[in-house]
Amino acid sequence: MGLLQDIRLLAHRRSLKQQLRHKGKSKGRGAVNLNNATSIGILFDASELADRDAVLQYAEKLRKRGKRVNLLGYFDDATDSNSFAFKFFTRKQLDWALRPNNEDARDFIAQDFDLLLNIDPVSKIHTEYIAALSKAKLRVGPSTEYTYCYDLMIDTTARAGIRPFIEQMEALLGKTNIQHEPAKV
């Protein structure tokens, strides 16, 4: 099993690097913060009910602040339900090279978000893939050794959970919201 998994990971990384070479540059990169972002994509692990609820509450909070929010959840186990208030993909919808292979994931990657938030304290290979290929102007996610996935990484322990991760992410993004006044000469 170990050798097969290593081969799958190698195929995944090779495919991703090839796609990143062909990916166009994102427009307006770096000029986005939480206050001026109008469109936000949220990527998250929806497998646990408590985590799912925390992310949905956060998305609603952002909507009340006038943000347009799109969600993409990941379920580790297969689910037959279509009654979720967000689009999702499952482990069964990952191809042999561990790449998300469904329409919802492809649509999410193609959207021009101002801000992409991967709200998960632990980096996962399939969400790294989506974040790396995203057309978002600013990509925020958990700490990973693959720096091409995110423009800003949040380093927390997995035990801390989703809510502390969101709080730390908001605090860091809040520091980028500082308004600079032109120097008076």
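Every read-out reported here was derived from the displayed coordinates using simple, explicitly stated rules and does not represent laboratory data. Nothing here was measured: the structure is a model prediction, and the numbers come from that model. As a convention, Cβ positions derive from the backbone with ideal geometry for all residues, glycine included, and neighbour counts pool all protein chains shown.
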Across region 94-103, in residue order, what do the Karplus-derived ³J(HN,Hα) couplings come to in whole Hz, using 6.51 cos²θ - 1.76 cosθ + 1.60 with θ = phi - 60° and x for Gly and Pro? 8, 7, 4, 8, 6, 9, x, 10, 9, 5
Within 10 Å of each residue's Cβ, count the other Cβ atoms and sort 159, 91, 14, 52 from fewest upward. 159, 14, 91, 52
Once you mark the GluC sites (Glu not before Pro) that are in a DSSP loop and have at most 13 other Cβ atoms within 10 Å, what is the longest gap between them in the chain? 49-144
Long-range amide H partners of residue 136, meaning residues 5 or more apart or on another chain whose placed amide H is closer than 5 Å, are 113
Pseudo-spin-label distance residue 159 to residue 17, built 7 Å along Cα→Cβ, given in nm, is 3.6 nm
Most fluctuating residue of 147, 38, 90 in a GNM of the chain with Cα springs under 10 Å: which is it? 147
The summed charge of the residue 170 Cβ neighbourhood (under 12 Å; Lys/Arg +1, Asp/Glu -1) stands at +3
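Efficiency by 1/(1 + (r/R0)^6): what FRET value for residue 104 and residue 171, r their Cβ-Cβ distance, R0 = 25 Å, to the nearest 0.05? Present the calculation step by step, with values, prior to reporting the outcome.
On the way: r = 30 Å, r/R0 = 1.21.
Result of the calculation: an efficiency of 0.25.
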Residue-averaged 222 nm ellipticity for the chain, from DSSP H runs of 4+ at -39500 (n - 2.57), nearest 500: -12000 deg cm²/dmol
